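No lab work stands behind these numbers, since they all come straight from the coordinates. Keep in mind that what you see is a predicted model, and the values were worked out from it rather than measured. Reconstructed Cβ throughout: ideal geometry from the backbone, glycine too, with neighbour counts over all protein chains shown.
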Amino acid sequence: MAHVCEILLLGPPELRCDGEVVRSPTARGLALLAYLALRGEPERRERLATLLWDAPEKVARHRLRQELYRLQRGPLAAHLESNRTYVDLKNATSDAARFLERLEHGDWEAALSERRGSFMEGFTLDGAEVFEDWLAVEREAWSERYVLALSRLALEREGAGETGRAVQLWQQVLEVDPYHEEAYRRLLWLLAEGGRWPEAEQLYRNYKHRLEAHLGLEPAPETRRLFEQLRVRKTPMRPSAAPVPEALSNPPMVGRGGLLVELERRHPQAVLLVGEAGSGKSRLAREHMVRLGGRLAVAHPAASRGLPFAGLVRALDQALEMLGPPEVDPVWLREAGRLLPHRLAPAERPLQGAADRARFLEGLGRVVLALAGPVLVWDDLQWTDPAALELLGYLLPLAGRTGTQIVLTLRTPAESGPATDWLAPLEGELARLEVPPLDEDAVHELILRLAHQPYGARLFSQRLHAATGGNPFFVLETLRHLFARGELQSRSGGWSTPYDRTTRDYRELPLAGSIRGTLWARLRSLDGPLRRSLELVCLSRQPVAPEVLAQVEGTGELEAARHLEQLRERQLTVGRSGGYAPAHEHLRALVLETLEPPLARTYHRAWARALEREGQPAEAAEHWLEAGREAKAARGFLAAARARSSEPLSARALYRRALDLRAGLTKEERRAAELDLLELDVQLGRLDDAELARLRTLTREADARAELLLAEALLQRGDYTAARERALAGLALAQRLDLRAEQARAHFLLAWIHYRHGDPNAQIAELEQALAAYERLGDRAGAARTLRHLAALYFRLGQKATGDELQARALATARAVGDAVLALRIRADRATGWWLRGEALKVRKEARALRRAAARLGDYGGELDALELEGLAAFSLGDYAAAFRAFDAAVRRAVELHLEKDEALARSERALAAIELKRFEEAAEDLALALSMQQRIGDQAKLGHTFHTYGYLHLAQDRPREAYAWFRRAARHWRRRGERGHLARSLAYAALAAEAAGRPDRAKRLSAEALRAARDWPVGVPELPLVQAVYARFHPRGGAQAETARQALEQVRERLPARARGRFERTLAYRLAFGL
């Protein structure tokens, strides 16, 4: 009958079969069963032998066979299977497995019921150093699992209102982990909420004392804040907690492949690995040792630096127990036995002089190298005691002869002491390898591997790298801290955190307590001037150049440069473009936390004055604000905003910063700043209803600038009548007050209104008057705007050469004065000319570039221009779906901004694309809305496009008479405005409608009119090949026109990719030209 066997590991280990406790034959047998039960799969014999015996492999394997023989003679015979390679434990249960299963299902109470104590409590195994190491790691891991179950159950009980039970559970957490900060916060909250304030206060003070006495730290800021809120009986937010993943206990090695290759390449040369605390030097050295088959790593704890050979004795003791005495001359073994008499027989004669000591060190060195094998790791050289350093001096030449590579690790910055003195003359003999922080890619890889995710987490990894400087220890501690705070959570698909969101207001990740201790020790080692320089660097919002730091400190530039370089050598700062910055955000946070407020304000004032001298008003304003000088800060933000015309979004933000500081500006300064911001929003096409209302309010104070700004805003929205009234009122006020700049602007706006709403030919006088005024004033930005409109006027009049010359001048001037928004609009005008001349491919490329530039500048008006050009280019190339998408995006943006004139045009263009897609009802709805808006606001500039598209809709629906009427209406409109290019297109389409209506003679006459309108019109004719093909269709002698059209279309077709040619061949112009 098969026995039911169970192994209990969560407490003193026990073996039970059929409910009865079974005594294991040996401690090693019990260790073997525990290891296999926890592993849950077969293990190789050589691994088990190495795990359980510190002995040569042959001896260990022999002992394993004996142990298996004993176990298989007992009640476990049916459960323990082995062959020449593997050993496995079958069909045996364990409390550990049940704990994990219940933990996974969230059954915290049941999981905790399995625990009787710590993992394998009280169990030790002499002569099995590898097993002891494994046991220590497992005990730590099971302790963390226990804390996880306790904290989760405590949270459940809190949620159920069982405060007393929750308090007990959090107290149990503290019994296991007396520094569990989250448990303290929870207990503080629960005790205070339960009216037990004296207990809560005592709990906090005990914890604060424990931290200060044992670690030299203070409670975390959030703990201190919670205590203060509770102390004054405020209502703080309830604290939160989350589990820490097991993967953080044994993270993978990343970003060190190149160093491992270099270490192996340099074998057997001695190598010195240097890096800051937490950089992973020890992990790297031990990984290299294992890869090459090394067997000895000598660690030197900081606490044992005063004890001769302390670290070495421990390492040798473990190695001799596991491996036995090495095969070296007995003379040398006896010398080594002086240090390890319990392992090796010591020499009988005591040491009496220098010769005896030299023989002792020689013998000890030979034993060390024999045990080490190919690689000896000598960890934490900076804490090596003088006696061991003396031995190391013997080891280096011996290792060179025996082929053993010695890998030493040294923490930087290295404090002066015995180790640095010993190292100084040997620097040339050792290969020095820097162990740098992890780069962004390595941190990203680490996150993916820890979270078991194939991809993602890029933004979080970047932020984690920025906060920790890529220091592996800091990265892991930050992750543990984030999990403990509940800000990072492990889910089925990986990890999730609020820091994955693409916000730009991120400042720092929360600072973990263990990192604080490491950084505190480094900060305390700095002298006064260096500490001050570091504080100033951490206070700066940008990299610090030596010459600027010298101004702030009031010292010489050479001294400031020396301080910055010393901080870099200590890995407290890093070089950045433009200067030096803190090595990572954790360091910055800790330094700033320690600054007393009065000193911090003094530093901020010094920074502000220095940055003002450097011509950086925005950066200076930030420091004035931190120093409590709101008036100086507000004026600094204003100065910076006015200097950033080429960065409108940045300028906009700076204006808002200035206006938010209400106490910092006079009434006049505030009004001027408001108008600046409103003008910027008008320029960008971003003025919303609230801003428009504010602008109306500002005009009540008889302000010519406000009147003209309101006129431009109304003009943008298509309210031409009101815009004209405001422009005339502004002009009258400017003339009365002799405000020349406002007079020039008024003439400019009146010209624009003439173009959109009145007689387009009347605008020339106004534009020339405005240009002359701007040039007299030296206002190049105003002159550039006026030149742009003059260029458009001359294009409309058919004077292309003049228009080109004016447009080039406008673009050059806009770029010269740094007006990026105006330059963008002029580029859009130029691209419109290309479209009129049939250069659709060129237009498409430029439209995409314009759209990217508009997004970068935050220029909504420029975005609308780019979307229109993108849609027109796509339509010309037969990509009607892409055209519809572009026009649709333009409609939505115009609706959002309440720009009726732009919305109407975009709707008529969207209707054109919808017709080609056979979406006639949508097209009709768009056209009705567009026509209604244009007629209501009196927009004459674009009304003809809506007439023309109405005709195209009727033509597509086989209603030629209605189509003919609309095309003729469009033609009359374009004729009145003198726009011959658009006139030619509408007449050509009218000819096609006349033909479909059975009027060939009229079609022939209209096609001839269309060609005459297009002939010698250099500005460009939309769909010129279609106009030419229509003429050839009705005139027997029109073959030359047809051939010209075919050549032009074929040139475009040949430049298209193969997949796009089919669409182009289905366009109406192509079908007419090629008789398809």
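Over the Cα atoms of the range 666-818, the radius of gyration divided by the Kirkwood radius equals 0.97; this is the Rg/Rh ratio. Across q = 0.13 Å⁻¹, the range 249-434 modelled as identical point scatterers on its alpha-carbon atoms has Debye log10 I(q)/I(0) values of -0.65, in the order of the q list.
For the chain, the direction-averaged projected area of the alpha-carbon convex hull comes to 60.9 nm².
Measuring nothing but how far apart in sequence close Cα pairs (under 8 Å, 6+ apart) lie, relative to its length, the chain scores a relative contact order of 5 percent.
Here 637, 473 are placed in order of increasing Cβ neighbour count within 10 Å, fewest first, which gives 473, 637.
The equivalent ellipsoid of the range 341-394 has semi-axes of 21, 15, 10 Å, largest first, where each one is the square root of 5 times an eigenvalue of the Cα gyration tensor. When only alpha carbons are used to place a centre, the range 856-916 and the range 717-758 end up 29 Å from one another. Converting phi to 3J(HN,Hα) with the Karplus coefficients 6.51, -1.76 and 1.60 and the offset θ = phi - 60°, the range 995-1006 yields 4, 5, 8, x, 10, x, 5, 5, 4, 4, 5, 5 Hz in sequence order, with x at every glycine or proline. The distance separating the Cα centre of the range 86-119 from that of the range 314-386 comes to 44 Å. Of the cross-linked pairs 800/1004; 800/942; 842/901; 632/667, those separated by over 25 Å at the C-alpha level are 800/1004; 842/901. Taking the Cα centre of the chain as reference, the dipole from Cβ charges on Lys and Arg (+1) and Asp and Glu (-1) amounts to some 4160 debye.
Taking other Cβ within 10 Å of each residue's Cβ, how do 123, 460 sort, fewest first?
Arranged by neighbour count, lowest to highest, 123, 460 become 123, 460.
In the frame of its principal axes, the range 515-595 has Cα extents of 33, 25, 22 Å, reported largest first.
The angle separating the long axis of helix 221-231 from the principal Cα axis of greatest extent in the chain is about 90 degrees. Taking only the C-alpha atoms of the range 749-793, Rg followed by Dmax gives 10.0, 30 Å. Against the chain, whose longest principal axis comes from its Cα atoms, helix 440-451 is set at around 70 degrees. Treating r as the C-beta distance of residue 1015 and residue 1071 and R0 as 25 Å, the FRET efficiency rounds to 0.60. Residues 120, 253 in ascending order of nearby Cβ atoms (within 10 Å, fewest first): 253, 120. Think of the chain as a dipole: +1 on every Lys or Arg Cβ, -1 on every Asp or Glu Cβ, centred on the Cα centre; then among 595, 1032, 273, 1032 lies furthest on the positive end. The alpha-carbon of residue 58 sits under 17 angstrom from the alpha-carbons of these aspartates and glutamates, leaving out residues fewer than 8 places away in its chain: 46, 67, 321, 327. Taking label positions 7 Å along the Cα-Cβ direction at both residue 561 and residue 77, the computed distance is 8.5 nm, reported to one decimal.
Hey, if you put +1 on the Cβ of every Lys and Arg and -1 on every Asp and Glu Cβ in the chain, which of 955, 220, 106 ends up farthest toward the positive end of that dipole? Comparing the listed Cα positions along the dipole, 955 ranks first. Here is the list for the range 268-362: GluC sites (Glu not before Pro) lying in DSSP coil, each with at most 12 other C-beta atoms within 10 angstrom of its C-beta, are 327, 348. Selection among 984, 1067, 967 by position relative to the dipole of the range 961-1076 gives 967 as farthest towards the positive end (Cβ unit charges, Cα centre).
Which FRET efficiency, nearest 0.05, do residue 98 and residue 429 yield, Cβ-Cβ r, R0 51 Å? That pair, residue 98 with residue 429, gives E of 0.35.
Given a Förster distance of 25 angstrom, what is the FRET efficiency for residue 22 paired with residue 140, based on the Cβ-Cβ distance and rounded to 0.05?
0.30
Multiplying each eigenvalue of the alpha-carbon gyration tensor of the range 976-1058 by 5 and taking the square root yields semi-axes of 22, 16, 11 Å, largest first, rounded to whole angstroms. Our note on the geometry: Cα centres of the range 1-56 and the range 246-290, 34 Å apart.
By how many nm would the segment from residue 213 to residue 737 lengthen if fully extended, with 0.36 nm per residue of separation less the alpha-carbon distance? Using 0.36 nm per residue and subtracting the Cα-Cα distance, I get 181.1 nm.
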